[in-house]
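Here the structure comes first, spelled out in structure tokens, and everything after it is commentary.
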Amino acid sequence: MKGCYNDYCPGFVIANGSNLLPGQALAPLSDYGGEMRYITIRIKKDEKTGDWSLYREDQGGPIGGMTLLGWWPQSLFKSLSERANVIQWTGEVNYQDNETGPSMGSGHFSDEHEGKAASFSELYGFDGLGLIYNNYYGAIPFVDKPECYNISPWYGSSVKKSQYFFYGGPSGCSH
């Protein structure tokens with residue numbers, strides 16, 4: 001499998017009763033400068049089947065507080081049979097050459113920070129024993145249209161013991 005996104009990837013199996021699918025818009029949204037809304041997602045290798053399972057954790061659920069949303073069968077992967085080689089957290093927008101770009105994230109640049117710019121936070125990886133690995137200080141931010149969208153530096157927090165970053169930009173960008 002190469003070059004696909006969300007549940008458009010062939011082979012993704014949607015779990016019965018799943019209330020969120022990869023690529024689905026979330027609602028309600030956070031309020032700029034006001035109430036922030038979050039979701040907690042986990043991708044975890046099932047040690048029994050070898051499948052890569054997608055869970056939502058913020059609503060509680062029957063599996064250790066998690067709700068299974070779906071999975072990618074082990075048979076889809078060659079290099080992921082043991083572990084992930086790369087982890088990416090991304091914001092992305094798409095538009096045609098003759099159109100202007102939509103907003104990314106909250107529609108505000110990363111330097112507006114908490115409560116205004118979109119963010120990824122409490123980013124963790126897990127090793128083969130299920131222990132948290134959160135040392136992503138070698139993370140490389142990438143922006144292909146810096147005149148339109150941006151990303152903050154990667155921040156570490158000793159209080160939350162996690163890493164986070166802000167990203168986004170307004171609509172109106174042209175190719």
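If you add up the charges near residue 52, with Lys and Arg at +1 and Asp and Glu at -1, over every other residue whose beta carbon is less than 9 angstrom from its beta carbon, what do you get?
Numbers: positive: 44, 45; negative: 46, 51.
Within the 9 Å Cβ shell, the charges total 0.
Close amide H pairs (under 5 Å, H built 1.01 Å from N) link residue 66 with 61, residues at least 5 positions away or on another chain. Here the peptides 109-117, 10-18 are ranked by packing, the mean other Cβ count within 10 Å, and the order with the highest first is 109-117, 10-18.
In this rough spin-label picture, where each label sits 7 Å from Cα along the Cβ direction, the residue 21-residue 92 distance is 1.7 nm.
What order do you get for 142, 166, 120 when you list them from fewest to most C-beta neighbours inside 10 Å?
Numbers: 142 9, 166 24, 120 16.
The order, fewest Cβ neighbours first, is 142, 120, 166.
Of the peptides 37-44, 146-153, the order by per-residue mean of other Cβ atoms within 10 Å, starting with the highest, comes out as 146-153, 37-44. Applying 1/(1 + (r/R0)^6) with r as the Cβ-Cβ distance of residue 36 and residue 122 and R0 = 22 angstrom yields a FRET efficiency of 0.95. Maximal additional length on extending the residue 13-residue 78 stretch stands at 21.6 nm, based on 0.36 nm per residue less the C-alpha distance.
Can you give the local net charge around residue 100? Use residues other than it whose beta-carbon is closer than 14 angstrom to its beta-carbon, Lys and Arg +1, Asp and Glu -1.
Values: positive: 145; negative: 97, 99, 147.
Once positives and negatives cancel, what remains is -2.
Between residue 29 and residue 99, how high is the FRET efficiency from 1/(1 + (r/R0)^6) when r is the Cβ-Cβ distance and R₀ = 22 Å? Nearest 0.05. Write down the numbers at each step before the final one.
Values: r = 23 Å, r/R0 = 1.03.
Here the calculated transfer efficiency is 0.45.
Since every read-out is calculated from the coordinates, none of them should be taken as a lab result. As the structure is a prediction and not an experimental result, all values here were calculated from the model. Note that each Cβ is placed from the backbone with ideal geometry, even for glycine, and that neighbours are counted across all protein chains shown.
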